[in-house]
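Below is one structure, written out as structure tokens, with a few remarks after it.
The values are calculated or read from the model by the stated rules, or taken from the named source; none is laboratory data. Since we're looking at a predicted model, the values are computed, not measured. Every residue, glycine as well, gets a Cβ built from its backbone with ideal geometry; the counts of neighbours run over all protein chains shown. All accessible areas refer to the heavy atoms of the entire protein, side chains included, with ligands and DNA or RNA removed. Shrake-Rupley method; radii C 1.70, N 1.55, O 1.52, S 1.80 Å.
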Amino acid sequence: MRQSLIMGNWKMNGNLQDGQQLAKALAEGLGEVQQEVAVCVPFVYLSGIRDVLASSPIALGAQNVADQASGAYTGEVSATMLADIGAKYALVGHSERRSYYGDTNQTVANRFCQAQKQNVIPVLCVGETLEEREQDRTFQVVDEQLDAVIDAAGIEAFANAVIAYEPVWAIGTGKTASDDQAQEVHKYIRERIAARSQAIADKVQILYGGSVKADNAKALFAMPDIDGGLVGGASLDAKGFLQICHSV
Ligand code: PGA
């Protein structure tokens, strides 16, 4: 049985006070749960949010990680730094990084490897654009995104990684993939992993992301290959996010 994981992605929103209030409300409201809950917060607030979450089971994550270990890379944040500050997870290859900041399958693979070297669990984001879906290229795009990381890190690396399927057309648009559409791609991803290792495919958590809300989470999370969610907009509201956390 895979443990469910519900992960908030705060993106570039709010200030320290907002973040700490939100974290406090989550810590106080979560109660006893079987599933893991995590929040991916802006780099500068990692330590401030860590302090608020210290006595709660909610894990801390970053929204990106450098593709290099250390050195003259002005403006970057290394996996060593993330581990040092107490981040358990780092998103890699979020579609906003791929589309606005030039992340490629290769740089994403490098980020993934850097995170793993420091025992920060990479959350590899994959997913197609609307155009790619309309051209029937969803599986091909997901293959390329996955294969770049498998080639660089090896299939064994997925024993300690998370995959997030986030169709780009569903992110921040209010348009969620239907339960069946999401399940279809999740199943495909798991089979692709299984072709190399059945044991790892059985174990790896595959999250769905893209306009997850309190009113659609339950049905999505009930699908056999959906192991939780990566939640953007709806993770900024404590009540709504807690409802999503309890939808597993
Ligand atoms: P959304 O974002 O829930 O606002 O669609 C999801 C994500 O980008 O991770």
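Annotations for the structure displayed:
- Any hit, segment 120-139, residues being more than 15 Å from the ligand (Cβ to nearest atom), modelled with pLDDT of 95 or more, of a type in the set (A, V, I, L, M, F, W, C) and closer than 20 Å to Gly232 by Cα: yes
- Every residue from segment 105-119 that is touching a strand residue (DSSP E or B) at 6+ places or on another chain (Cβ under 8 Å) and open to solvent by less than 30 Å² (accessible area, probe 1.4 Å): Val108, Arg111, Phe112, Ala115
- Number of positions in segment 116-145 that are touching an Asp or Glu at 6+ places or on another chain (Cβ under 6 Å), assigned to a strand (DSSP E or B) and β-branched (Val, Ile, Thr): 0
- Any hit, segment 150-163, residues being touching a helix residue (DSSP H, G or I) at 6+ places or on another chain (Cβ under 9 Å) and within 16 Å of the ligand (Cβ to nearest atom): yes
- Screening Lys187, Lys203 for residues that are under 21 Å from Glu36 (Cα atoms) and open to solvent by 30 Å² or more (accessible area, probe 1.4 Å) leaves exactly one candidate, Lys203.
- Looking across segment 78-103, the residues that are surrounded by fewer than 13 Cβ atoms within 10 Å (Cβ to Cβ) and part of a loop (DSSP other than H, G, I, E, B) come down to Tyr101, Gly102.
- Within segment 148-168, the set of residues being within 15 Å of the chain's Cα centre (by Cα) and in a loop (DSSP other than H, G, I, E, B) comprises Ala161, Glu166, Pro167.
- Residue in segment 204-224 that is in contact with a helix residue (DSSP H, G or I) (Cβ under 7 Å, 6 or more places away or on another chain), at positive phi and among the polar types (S, T, N, Q) present: yes
- Residue ranges of helices (runs of 4 or more DSSP H) in segment 169-248 with at least 3 members more than 16 Å from the ligand (Cβ to nearest atom): 179-194, 198-203
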